[in-house]
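Here's the structure we're looking at; comments come further down.
The values are calculated or read from the model by the stated rules, or taken from the named source; none is laboratory data. Predicted model, so just to flag it, every value in this text is computed and none were measured. Please note: Cβ atoms are built from the backbone with ideal geometry, for glycine as well, and neighbour counts cover all protein chains shown. Ligands, DNA and RNA are stripped out before the accessible areas are found, and what is left, the full protein with its side chains, is counted by its heavy atoms. Shrake-Rupley method; radii C 1.70, N 1.55, O 1.52, S 1.80 Å.
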Amino acid sequence: MKTTLLAGAAFWLLSVSAFGADLEMPIRVPLAPPPFTWTGCYAGGQVGGGWGQKDLNDSAGIVSPLSGFTSANLNISGYMLGGQLGCDYQFASNWVVGVEGSASGGNIGGSIGVATPGLPGDSATFREKTDLLTSATARIGYSWNDWLLYAKGGAAWANDQYGAFDVLATYDFEGLETRFGWTAGAGIEWALWNNWSIKLEYDYYGFGTRSVTFIDNVSGTVGPLDIRQTIQVVKVGVNLHIFAGSAGPLGW
(Lines give C-alpha, C1' and ligand atoms only; values in the text may rest on other atoms or scores of the structure.)
Protein backbone atom coordinates (compact mmCIF):
# COMPACT_ATOMS: atom_id res chain seq x y z
CA MET A 1 0.00 0.00 0.00
CA LYS A 2 2.77 2.35 1.02
CA THR A 3 4.64 1.56 -2.19
CA THR A 4 1.57 2.38 -4.24
CA LEU A 5 1.16 5.78 -2.55
CA LEU A 6 4.81 6.65 -3.13
CA ALA A 7 4.56 5.68 -6.76
CA GLY A 8 1.44 7.79 -7.21
CA ALA A 9 3.05 10.83 -5.58
CA ALA A 10 6.10 10.54 -7.83
CA PHE A 11 3.91 10.29 -10.91
CA TRP A 12 1.96 13.40 -9.84
CA LEU A 13 5.17 15.42 -9.31
CA LEU A 14 6.51 14.41 -12.72
CA SER A 15 3.24 15.36 -14.39
CA VAL A 16 3.20 18.79 -12.72
CA SER A 17 6.82 19.41 -13.75
CA ALA A 18 6.10 18.44 -17.34
CA PHE A 19 3.01 20.66 -17.43
CA GLY A 20 5.02 23.61 -16.00
CA ALA A 21 7.70 23.07 -18.61
CA ASP A 22 5.05 23.22 -21.33
CA LEU A 23 3.91 26.61 -19.99
CA GLU A 24 7.37 28.22 -20.09
CA MET A 25 7.83 30.87 -22.82
CA PRO A 26 10.93 30.54 -25.01
CA ILE A 27 13.63 33.14 -24.31
CA ARG A 28 14.28 35.30 -27.37
CA VAL A 29 17.73 36.79 -27.82
CA PRO A 30 17.42 40.40 -29.09
CA LEU A 31 18.67 40.84 -32.64
CA ALA A 32 21.73 43.01 -33.19
CA PRO A 33 21.06 46.15 -35.22
CA PRO A 34 22.12 45.90 -38.87
CA PRO A 35 25.55 47.34 -39.67
CA PHE A 36 25.55 51.01 -40.63
CA THR A 37 25.73 51.77 -44.35
CA TRP A 38 26.02 54.96 -46.40
CA THR A 39 23.75 53.49 -49.05
CA GLY A 40 20.80 55.84 -49.59
CA CYS A 41 19.94 59.38 -50.61
CA TYR A 42 20.25 62.71 -48.84
CA ALA A 43 19.56 66.46 -49.02
CA GLY A 44 20.92 69.33 -46.96
CA GLY A 45 22.40 72.79 -46.70
CA GLN A 46 25.86 74.34 -46.68
CA VAL A 47 27.72 77.55 -45.87
CA GLY A 48 31.22 78.40 -47.01
CA GLY A 49 33.90 80.98 -47.57
CA GLY A 50 35.59 81.42 -50.92
CA TRP A 51 38.49 83.16 -52.61
CA GLY A 52 39.95 83.28 -56.10
CA GLN A 53 41.54 85.16 -58.95
CA LYS A 54 40.22 87.17 -61.91
CA ASP A 55 42.62 88.27 -64.64
CA LEU A 56 41.35 90.73 -67.26
CA ASN A 57 43.06 91.29 -70.61
CA ASP A 58 41.81 93.82 -73.19
CA SER A 59 43.24 92.01 -76.22
CA ALA A 60 40.56 93.46 -78.55
CA GLY A 61 41.20 97.07 -77.50
CA ILE A 62 37.72 97.82 -76.13
CA VAL A 63 38.47 99.53 -72.82
CA SER A 64 42.06 100.63 -73.41
CA PRO A 65 41.33 103.41 -75.99
CA LEU A 66 39.11 105.14 -73.40
CA SER A 67 40.93 104.25 -70.19
CA GLY A 68 44.54 103.68 -71.08
CA PHE A 69 44.78 100.33 -69.22
CA THR A 70 44.87 96.97 -70.95
CA SER A 71 44.91 94.46 -68.08
CA ALA A 72 43.98 94.00 -64.41
CA ASN A 73 44.56 91.23 -61.87
CA LEU A 74 41.93 90.98 -59.14
CA ASN A 75 41.91 88.90 -55.95
CA ILE A 76 38.38 88.04 -54.85
CA SER A 77 36.84 86.67 -51.64
CA GLY A 78 33.45 86.28 -50.00
CA TYR A 79 30.80 83.75 -48.97
CA MET A 80 28.35 81.23 -50.39
CA LEU A 81 25.11 79.74 -48.98
CA GLY A 82 23.25 76.89 -50.61
CA GLY A 83 22.18 73.29 -50.66
CA GLN A 84 22.95 69.87 -52.08
CA LEU A 85 21.26 66.55 -52.79
CA GLY A 86 22.61 63.20 -53.84
CA CYS A 87 22.70 59.43 -53.51
CA ASP A 88 25.40 56.97 -52.39
CA TYR A 89 26.02 53.24 -52.63
CA GLN A 90 28.33 51.42 -50.21
CA PHE A 91 30.01 48.18 -51.25
CA ALA A 92 30.84 45.36 -48.84
CA SER A 93 34.50 46.47 -49.00
CA ASN A 94 33.46 49.84 -47.43
CA TRP A 95 34.08 51.77 -50.65
CA VAL A 96 31.32 54.29 -51.39
CA VAL A 97 30.35 55.79 -54.75
CA GLY A 98 27.71 58.42 -55.42
CA VAL A 99 26.47 61.44 -57.33
CA GLU A 100 25.63 64.92 -56.06
CA GLY A 101 24.13 68.18 -57.30
CA SER A 102 24.92 71.44 -55.53
CA ALA A 103 23.92 75.12 -55.86
CA SER A 104 25.08 78.11 -53.79
CA GLY A 105 24.38 81.82 -53.95
CA GLY A 106 26.26 84.68 -52.35
CA ASN A 107 29.02 87.12 -53.13
CA ILE A 108 32.61 86.16 -53.95
CA GLY A 109 34.08 89.27 -55.48
CA GLY A 110 36.18 92.37 -55.13
CA SER A 111 37.51 95.46 -56.88
CA ILE A 112 40.87 96.98 -57.75
CA GLY A 113 42.02 100.43 -58.77
CA VAL A 114 43.73 100.68 -62.16
CA ALA A 115 45.95 103.53 -63.37
CA THR A 116 44.68 105.53 -66.37
CA PRO A 117 47.77 107.21 -67.83
CA GLY A 118 45.92 108.77 -70.73
CA LEU A 119 43.55 110.88 -68.58
CA PRO A 120 45.22 113.24 -66.02
CA GLY A 121 43.33 113.37 -62.73
CA ASP A 122 41.31 110.29 -63.58
CA SER A 123 41.40 106.78 -62.05
CA ALA A 124 39.63 103.57 -62.98
CA THR A 125 38.15 100.64 -61.07
CA PHE A 126 37.69 97.05 -62.20
CA ARG A 127 35.19 95.02 -60.13
CA GLU A 128 33.75 91.52 -60.23
CA LYS A 129 31.16 89.46 -58.35
CA THR A 130 30.32 85.78 -58.57
CA ASP A 131 26.82 85.39 -57.13
CA LEU A 132 26.04 81.76 -58.08
CA LEU A 133 28.03 78.51 -58.15
CA THR A 134 26.46 75.21 -59.23
CA SER A 135 27.93 71.77 -59.84
CA ALA A 136 27.08 68.20 -60.84
CA THR A 137 29.67 65.76 -59.51
CA ALA A 138 30.48 62.13 -58.87
CA ARG A 139 32.19 61.15 -55.64
CA ILE A 140 34.11 58.17 -54.32
CA GLY A 141 35.01 57.52 -50.71
CA TYR A 142 35.97 55.04 -48.04
CA SER A 143 33.96 54.59 -44.85
CA TRP A 144 34.78 53.62 -41.28
CA ASN A 145 31.30 52.83 -39.95
CA ASP A 146 29.70 56.29 -39.63
CA TRP A 147 32.73 58.23 -40.97
CA LEU A 148 33.27 58.84 -44.69
CA LEU A 149 36.39 60.27 -46.36
CA TYR A 150 35.71 61.17 -50.00
CA ALA A 151 36.88 62.90 -53.18
CA LYS A 152 34.62 64.40 -55.85
CA GLY A 153 34.78 65.91 -59.31
CA GLY A 154 32.61 66.99 -62.22
CA ALA A 155 31.09 69.93 -64.06
CA ALA A 156 30.55 73.43 -62.66
CA TRP A 157 28.88 76.70 -63.62
CA ALA A 158 29.38 80.26 -62.34
CA ASN A 159 27.28 83.38 -62.76
CA ASP A 160 29.50 86.50 -62.92
CA GLN A 161 29.01 90.25 -63.02
CA TYR A 162 31.77 92.66 -64.12
CA GLY A 163 32.30 96.39 -64.22
CA ALA A 164 35.01 98.83 -65.36
CA PHE A 165 34.42 102.56 -64.75
CA ASP A 166 36.33 105.77 -64.04
CA VAL A 167 36.02 108.68 -61.63
CA LEU A 168 35.36 111.25 -64.38
CA ALA A 169 32.50 109.11 -65.76
CA THR A 170 33.94 109.05 -69.27
CA TYR A 171 33.11 105.34 -69.49
CA ASP A 172 31.11 102.73 -67.51
CA PHE A 173 31.52 99.19 -68.86
CA GLU A 174 29.39 96.31 -67.62
CA GLY A 175 29.53 92.60 -68.42
CA LEU A 176 27.49 89.50 -67.49
CA GLU A 177 28.12 85.81 -68.10
CA THR A 178 27.28 82.28 -67.05
CA ARG A 179 30.50 80.33 -67.33
CA PHE A 180 30.99 76.55 -67.66
CA GLY A 181 33.99 74.82 -66.10
CA TRP A 182 35.05 71.96 -63.87
CA THR A 183 35.41 71.31 -60.15
CA ALA A 184 37.33 68.88 -57.93
CA GLY A 185 37.37 68.57 -54.17
CA ALA A 186 37.62 66.41 -51.08
CA GLY A 187 35.91 66.18 -47.72
CA ILE A 188 35.04 64.22 -44.62
CA GLU A 189 31.52 63.43 -43.40
CA TRP A 190 30.24 62.09 -40.07
CA ALA A 191 26.81 60.51 -39.57
CA LEU A 192 26.35 61.60 -36.00
CA TRP A 193 22.69 61.30 -34.98
CA ASN A 194 19.37 59.97 -36.23
CA ASN A 195 19.90 60.11 -40.03
CA TRP A 196 21.78 63.45 -39.79
CA SER A 197 25.38 64.02 -40.88
CA ILE A 198 27.79 66.94 -40.95
CA LYS A 199 30.65 67.47 -43.39
CA LEU A 200 33.70 69.64 -44.03
CA GLU A 201 34.64 70.05 -47.70
CA TYR A 202 37.13 71.86 -49.96
CA ASP A 203 36.33 72.55 -53.64
CA TYR A 204 38.42 74.01 -56.47
CA TYR A 205 36.65 75.53 -59.48
CA GLY A 206 38.51 76.03 -62.75
CA PHE A 207 36.80 78.14 -65.41
CA GLY A 208 39.69 78.88 -67.78
CA THR A 209 39.84 81.99 -69.97
CA ARG A 210 36.69 83.20 -71.73
CA SER A 211 35.70 86.24 -73.78
CA VAL A 212 33.03 88.28 -72.00
CA THR A 213 30.97 90.92 -73.82
CA PHE A 214 31.21 94.36 -72.17
CA ILE A 215 28.88 97.28 -72.91
CA ASP A 216 29.79 100.91 -72.20
CA ASN A 217 26.73 102.66 -70.76
CA VAL A 218 28.21 106.06 -71.70
CA SER A 219 29.29 105.65 -75.34
CA GLY A 220 27.42 102.46 -76.27
CA THR A 221 30.68 100.71 -77.22
CA VAL A 222 30.36 96.90 -77.24
CA GLY A 223 33.15 94.38 -77.34
CA PRO A 224 34.86 91.37 -75.70
CA LEU A 225 37.32 91.28 -72.83
CA ASP A 226 39.31 88.13 -72.01
CA ILE A 227 38.91 87.04 -68.38
CA ARG A 228 40.59 84.12 -66.66
CA GLN A 229 38.88 82.82 -63.51
CA THR A 230 39.55 80.39 -60.65
CA ILE A 231 37.64 80.01 -57.35
CA GLN A 232 38.25 77.96 -54.20
CA VAL A 233 35.65 77.30 -51.49
CA VAL A 234 35.78 75.70 -48.03
CA LYS A 235 32.32 74.77 -46.79
CA VAL A 236 30.54 73.20 -43.82
CA GLY A 237 27.35 71.28 -44.55
CA VAL A 238 24.60 69.24 -42.92
CA ASN A 239 22.60 66.44 -44.58
CA LEU A 240 19.39 64.53 -43.80
CA HIS A 241 19.67 60.93 -45.06
CA ILE A 242 17.27 58.21 -46.05
CA PHE A 243 19.51 55.22 -45.36
CA ALA A 244 18.77 51.92 -47.07
CA GLY A 245 20.23 49.41 -44.61
CA SER A 246 19.22 50.93 -41.30
CA ALA A 247 17.37 53.88 -39.79
CA GLY A 248 20.63 55.67 -39.12
CA PRO A 249 23.90 55.44 -37.19
CA LEU A 250 23.96 52.51 -34.75
CA GLY A 251 20.54 51.46 -36.04
CA TRP A 252 18.66 54.49 -34.60
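Placing dummy labels 7 Å off each Cα toward the beta-carbon, the span from Ser59 to Trp193 is 5.4 nm. Near Trp157, once Lys and Arg are set to +1 and Asp and Glu to -1 for all other residues with Cβ below 11 Å from its Cβ, the sum equals -1.
Taking the Cβ-Cβ separation of Trp147 and Val47 as r and a Förster radius of 25 Å, what is the calculated FRET efficiency to the nearest 0.05? Efficiency, rounded to the nearest 0.05: 0.70. Shown in residue order for the stretch 198-204 are the 3J(HN,Hα) couplings computed by the Karplus curve 6.51 cos²θ - 1.76 cosθ + 1.60 at θ = phi - 60°: 10, 9, 10, 9, 10, 10, 10 Hz (x for Gly and Pro).
The phi torsions of the stretch 99-114, fed into the Karplus equation with coefficients 6.51, -1.76 and 1.60 and a -60° offset, translate into couplings of 10, 8, x, 9, 8, 9, x, x, 8, 10, x, x, 8, 8, x, 10 Hz, rounded to whole numbers, with Gly and Pro shown as x. Here, the stretch 145-184 is characterised by an Rg to Rh ratio of 1.39, where Rg is the alpha-carbon radius of gyration and Rh the Kirkwood radius.
Measuring nothing but protein heavy atoms, the accessible surface of the stretch 109-161 at 1.4 Å probe radius is 63 percent carbon and sulfur. Using only Cα atoms, locate the centre of the stretch 88-157 and the centre of the stretch 60-82, then give the distance between them in Å, rounded to an integer. If you average the Cα positions of each part, the centres end up 20 Å apart. Using only side-chain charges placed at the Cβ, +1 for Lys and Arg and -1 for Asp and Glu, the dipole size of the stretch 151-201 relative to its Cα centre rounds to 420 debye.
Close amide-amide hydrogen proximity is noted between Gly223 and Phe214, each under 5 Å apart and 5 or more residues distant or on a separate chain (H modeled in the peptide plane; Pro and chain starts excluded).
Measuring spread by the Cα atoms of the stretch 116-252 yields a radius of gyration and Dmax of 22.1, 73 Å. Within the stretch 162-177, whose backbone N sits under 13 Å from a point 7 Å along Cα→Cβ of Ser123? So the set is 166-168. Charge tally around Val99: other residues with Cβ under 13 Å, Lys/Arg +1 each, Asp/Glu -1 each, net 0.
Ranking Gly52, Pro35, Ile140 by Cα position along the charge dipole of the stretch 35-180, where only Lys, Arg, Asp and Glu carry charges on their C-beta atoms, puts Pro35 farthest toward the positive end. Highest-first packing order for the peptide set 84-95, 201-212 is 201-212, 84-95, based on the mean count of other beta carbon atoms within 10 Å. Within the shell defined by Cβ-Cβ distances under 13 Å, the residues around Ala124 carry a net charge of -4, with Lys and Arg each +1 and Asp and Glu each -1. Distance between the pseudo-spin-label points of Ser77 and Val222 (7 Å out from Cα toward the beta carbon): 3.8 nm.
Each Cα pair under 8 Å and six or more residues apart adds its sequence gap; the mean of these over the residue count of the stretch 91-217 is a relative contact order of 21 percent.
Protein-only accessible surface at a 1.4 angstrom probe places the residues Val167, Val47 in the order Val167, Val47, largest first.
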